[in-house]
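Structure first, then comments.
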Amino acid sequence: LMECPCAIDDAGAELVEASNRCLQAFHYGGRPTESVRLANTASTYAEHVLGGGHPSTLVAWGNLAASYLSAGRTDEAIALGERVANQSHALLGAGHSSTLVAWGNLALSYQKAGRINEAITIDERITKQSEELLGAEHSATLTRRSNLASSYRTAGRTNEAITIDERITKQSDELLGAKHPETLAKWVNLASSYRTAGRINEAITLGEQVTKQSEEFLGAN
């Protein structure tokens, strides 16, 4: 999610920021219908108040596209995601953090739709850009590298996925700590890659470890 720039309408900035928090809550709470409804309201307001070419409007549209994806409305997510990615690229530049986020979200939509080669092409590009702009150890870079591993795994390129997953789980553990939810999620991804590769015993061992840690750190519910 993009930070709102300073020189914008205060009401518009506040709405985008508030909707970001609510959308995250709805997303992680498994409430896609409410997420779509709120994202629709925020994007309509942002477009009306700030205009269709404003960076915060692009954020609002990006949130709506992500909500569509969570709700299983993949075609709508792709159509809007392509619009946001291309406009962000033109307005903010290829290396802007918001542009990288927009392309990354579009890649996830492509992956969900089975357009895996297109997803991989984007994931490889933005992972490289993120490494160059933010550094190999930045949390955003780890996330993009993790998404790339997921695309490789989906495409059957399991060994490449495992190589990435093993690297980023260690990096995430060092950067964020063993108790951080993002670290636990990356260990889950590694277990999934092991399972896909037929390394079942390793997948079970890791899965049991992560389940126990999740219960201890996050609670049984």
So what is the 222 nm mean residue ellipticity for the chain from helices alone, if each DSSP H run of at least 4 adds -39500 (n - 2.57) and you divide by all residues, rounding to the nearest 500 deg cm²/dmol? -27000 deg cm²/dmol
Which whole-number percentage describes the relative contact order of the chain, with Cα contacts under 8 Å and a sequence gap of 6 or more? 11 percent
Ordering of 155-163, 94-102 by packing [mean C-beta count within 10 Å, highest first]: 94-102, 155-163
Once the Cα atoms of helix 139-154 and of the chain are each reduced to a long axis, what angle between those two axes, in degrees from 0 to 90 to the nearest 10, is obtained? 70 degrees
Using 10 Å bins from zero, what percent of all Cα-Cα pairs in the range 169-221 falls into each bin? 28, 51, 21, 0
Which whole-Hz couplings ³J(HN,Hα) result when phi for each residue of the range 60-73 is put into the Karplus expression 6.51 cos²θ - 1.76 cosθ + 1.60, θ = phi - 60°, listed in order with x for Gly and Pro? 4, 5, x, 5, 5, 4, 5, 5, 4, 5, 4, 8, x, 8
Peptides 46-56, 172-182 ordered by average Cβ neighbours within 10 Å, highest first: 46-56, 172-182
With N denoting the number of residues in the range 143-189, provide Rg(C-alpha) divided by 2.2 N^0.38 Å, to two decimal places. 1.08
Return the Cα extents of the range 107-221 along principal axes one, two and three, sorted largest first, each rounded to a whole Å. 38, 32, 25
Placing +1 at every Lys and Arg Cβ and -1 at every Asp and Glu Cβ, with all other atoms neutral, what dipole size does the chain have around its Cα centre, in debye to the nearest 20? 620 debye
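Per residue, how big is the convex hull of the range 104-161 when only Cα atoms are used? Give it in Å³. Don't jump to the answer; show the numbers that get you there.
Working: hull volume 3.6 nm³, N = 58.
Output value, Cα hull per residue: 63 Å³.
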Determine one quarter of the surface area of the Cα convex hull of the range 24-101, which equals its mean projected area, and express it in nm² to one decimal. 4.7 nm²
In µm²/s, what is D for the chain at 25 °C and 0.890 mPa s, where D = kT/(6 pi eta Rh) by Stokes-Einstein and Rh is the Kirkwood radius from Cα pairs? 134 µm²/s
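Cross-link list LYS128/LYS212; LYS186/LYS212; LYS128/LYS186; LYS128/LYS179; LYS112/LYS179: which exceed 24 angstrom alpha carbon to alpha carbon? Numbers along the way, then the final one.
On the way: LYS128/LYS212 34 Å; LYS186/LYS212 15 Å; LYS128/LYS186 19 Å; LYS128/LYS179 28 Å; LYS112/LYS179 29 Å.
Those over the limit are LYS128/LYS212; LYS128/LYS179; LYS112/LYS179.
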Quick check: pseudo-label points 7 Å beyond the Cα along Cα→Cβ at ARG157 and ARG37, how many nm apart are they? 4.2 nm
Along the range 33-43, Karplus-curve 3J(HN,Hα) (6.51, -1.76, 1.60; θ = phi - 60°) to the nearest Hz, with x for Gly and Pro, reads 5, 5, 4, 5, 4, 5, 5, 4, 4, 5, 5
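FYI, it's all coordinate maths here, none of it is from the lab. The model shown is predicted, which means the values in this text are computed figures rather than measured ones. Cβ sites come from the backbone with ideal geometry, for glycine too, and all protein chains shown count toward neighbours.
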